[in-house]
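The values are calculated or read from the model by the stated rules, or taken from the named source; none is laboratory data. All of these numbers come straight from a predicted model, not from anything done at the bench. Here the Cβ positions follow ideal geometry from the backbone for every residue, glycine too, while neighbour counts run over all protein chains shown. With ligands, DNA and RNA removed, areas are computed over all heavy atoms of the protein, side chains included. Shrake-Rupley method; radii C 1.70, N 1.55, O 1.52, S 1.80 Å.
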Amino acid sequence: ISAMYAYLKDLSNQPLPDKIQQARNQNYELLPVDRPILLRTFMPVTGMHAIAVGFPQHVHFAFDAEQIALAQAWRGRFLDAEGTWFVRFAPPADPLGDNLTAFPPSVAIAALDDKTTPWPNDAASAGAKFSGYRLNKTGVPVFLYTVNEVDITDRIEPDEDGGLRRTITILTTADTKAEKPLWFRAHAGKSLTQTSPQTFVDENGLTVIVDEPKSAGEIRIVKDATEWIIPVTGEDPRVIDVRY
């Protein structure tokens with residue numbers, strides 16, 4: 001006890017124990033090589049329920065499991081896991097790469113009374129519940145959630161052009177039908193510029209291309225923001241195919 005007291009009293013002048021020093025000297029940068037890497041962590045933009053996914057193609061994203069939203073994407077290096085794994089009060093994990101892009105907050109699918117209904121501010125007000133994720137055979141996570149009791153799967157992965165491709169599949173059964181029409185918020189920003197019938201670019205240069213459904217949807221002004229919303233119709237399963 002006396003020895004421990006003496007050591008702690010003079011801690012600022014003592015070297016770190018060898019094992020702690022060895023751990024500090026290691027490199028904890030996560031490097032996706034053959035398969036995606038998934039890390040649950042805290043992130044400044046994505047928040048306390050972040051699921052960060054890194055890809056060998058050097059295009060990465062973070063998904064907010066609380067708001068059930070694609071929150072952020074970046075290129076280059078992925079993440080350093082030391083703070084998440086070894087710091088008791090884990091600091092937020094900052095992306096190590098560049099070209100950081102933030103996406104509109106809140107869940108991308110919502111049930112609206114009509115096209116003038118404001119978009120829900122969060123997952124709870126949208127009637128959305130997160131059910132976790134599963135990994136497909138290549139290691140890409142497929143996020144699972146419900147919106148008004150309608151089952152949805154959401155897969156996000158790099159495309160061949162250095163961006164991200166997102167495939168949202170909406171599954172309903174005879175016993176589970178949305179009480180209100182479902183809409184997909186494809187894009188939102190202070191301003192949106194249309195460059196093709198299915199493409200809009202925001203003021204920060206984020207380009208969104210919707211390949212399916214082939215609907216022009218609606219452009220609307222809500223307070224100080226512009227939103228591009230598309231009705232989700234058709235036979236089950238309904239598929240939304242979008243590129244960022």
Solvent exposure of the chain as accessible area per residue, Å², 1.4 Å probe:
55 Å²
FRET efficiency estimate (nearest 0.05) - Cβ-Cβ, SER215 to THR195, R0 22 angstrom:
0.85
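Let me check against my output: what whole-number percent is the relative contact order of the range 110-244, with C-alpha pairs under 8 Å and at least 6 apart?
Relative contact order here is 22 percent.
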Ignoring ligands, DNA and RNA, what percent of the 1.4 Å accessible area of the range 1-79 is carbon and sulfur?
56 percent
Compute from the Cα atoms of the range 107-244 the Rg and the Dmax, the latter being the longest Cα-Cα distance, and quote both in angstrom.
14.9, 43
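First select every other residue whose beta carbon is under 9 angstrom from the beta carbon of LEU171; then total the charges, Lys and Arg +1, Asp and Glu -1. Let's see the in-between values first.
Working: positive: ARG238; negative: ASP151, ASP236.
Neighbour charge sum, excluding LEU171 itself: -1.
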Note down the Stokes-Einstein diffusion coefficient of the chain in µm²/s, whole number, using a Kirkwood radius over alpha carbon pairs, 10 °C, and 1.306 mPa s.
80 µm²/s
Protection proxy (average C-beta count within 10 Å per residue), highest first, orders 116-123, 74-81 as 74-81, 116-123
Name the residue farthest towards the positive end of the dipole of the chain from the options GLY163, THR193, GLY54, assuming +1 on Cβ of Lys and Arg, -1 on Cβ of Asp and Glu, about the Cα centre.
GLY54
Percent accessible area from carbon and sulfur atoms, the range 101-200, protein chains only, probe 1.4 Å:
49 percent
Residues whose placed amide H lies under 5 Å from that of ALA71, excluding near-sequence neighbours:
ALA62, PHE63, ASP64
